[in-house]
Amino acid sequence: NTQYCYRLTADAGRTTIVSNFACAMGISNNQPTSLSDVIVSVQGNGQVSVRTTNPNPTGSGTYTLIVTRADGSSGTFREIGQAINQAIFDDPTARTADQSFCYQLILRNECGQLSPPSAPACTIHLTSKTPGALDWTADSPFSGKSVAEYEVVFLDRLSGAEIKRQSVGGNTHFDPDRNDPNIATYRYEIVAISATKQTSRSNPY
């Protein structure tokens, strides 16, 4: 998208002939590759952080991340915003206490070329499907990657301070110890951990 202008000069001994300018726009038809490292996580204020790494591998020019979102893994993806020269996008409109949301990123380079959408990355929705137990969605918050393990995070119900964690492997169901004398003082979050130790948090419950 850079315009270049040219002219020719002909030197014929005592006479120099100069042409008019002719201008052309630099255009590339090379489609960017799909972003492969997208992570979504619920933040403490309830909004969703969508981030990727190395979206502009050439290190030059401007780029735009087009952020699309779907209601759960079976919803239709629609654009919700853009991030210019930023690898992070915060979505304050997602109701993370109500459901899971899935995100895809599309990279637009400075020549206007669009990458294919990234693989979906979905927030972890923590709720309870059975009395006294915790259940959460299994869709991965890491685009194109599976979850290596989950941890249940015990938080103080009033202060929100972390008290302890318990690994539950690949399970998406957890039964708290009913004999724990402090069970009434807890609230919970789920942390997903990838094989490369990336992490994503659920909504608190």
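The values are calculated or read from the model by the stated rules, or taken from the named source; none is laboratory data. Please read these numbers as outputs of a predicted model, since none were measured by experiment. Glycine gets a Cβ as well: all are built from the backbone with ideal geometry, and neighbour counts include every protein chain shown. Keep in mind that these areas ignore ligands, DNA and RNA; they rest on the heavy atoms of the full protein, side chains included. Shrake-Rupley method; radii C 1.70, N 1.55, O 1.52, S 1.80 Å.
Observations on the structure shown:
- Among the residues making up region 102-150, those that are under 15 Å from Val67 (Cβ atoms), open to solvent by 40 Å² or more (accessible area, probe 1.4 Å) and assigned to a strand (DSSP E or B) are Arg108, Leu114.
- Only one of the numbered conditions (1) assigned to a loop (DSSP other than H, G, I, E, B); (2) among the β-branched types (Val, Ile, Thr); (3) open to solvent by less than 80 Å² (accessible area, probe 1.4 Å) is not met by Thr93, and that is (3).
- Thr196 vs. criteria farther than 23 Å from Asp98 by Cα, surrounded by fewer than 13 Cβ atoms within 10 Å (Cβ to Cβ) and β-branched (Val, Ile, Thr): yes
- Residue check for Gln99: at pLDDT below 95 and open to solvent by 30 Å² or more (accessible area, probe 1.4 Å): no
- Among the residues of region 1-55, those identified as outside any loop (DSSP other than H, G, I, E, B) and either in contact (Cβ under 8 Å) with a residue 24 or more places away in the chain or within 30 Å of Val67 (Cα to Cα) (or both) are Gln3, Met25, Val38, Ile39, Val40, Ser41, Val42, Val48, Ser49, Val50, Arg51, Thr52.
- Any hit, region 170-188, residues being of a type in the set (D, E, K, R) and within 27 Å of Val38 (Cα to Cα): no
- Filter result for Arg165 (under 19 Å from Asp135 (Cβ atoms), open to solvent by 80 Å² or more (accessible area, probe 1.4 Å) and not β-branched (Val, Ile, Thr)): yes
- Set side by side, the residues Arg157, Arg201 differ, and just one is charged (D, E, K, R), modelled with pLDDT under 95 and open to solvent by 40 Å² or more (accessible area, probe 1.4 Å), which is Arg157.
- Tabulated pairs, region 118-130, first free of Cβ contacts under 8 Å to residues at least 60 places away in the same chain, second not in a loop (DSSP other than H, G, I, E, B), C-beta under 6 angstrom, 6+ apart or interchain: Pro120/Cys102; Pro120/Gln104; Lys129/Asp135
- Residues located in region 56-79, provided they are under 14 Å from the mean Cα position of the chain (by Cα), under 30 Å from Glu189 (Cβ atoms) and assigned to a strand (DSSP E or B): Leu65, Ile66, Val67, Thr68, Arg69, Ala70, Glu79
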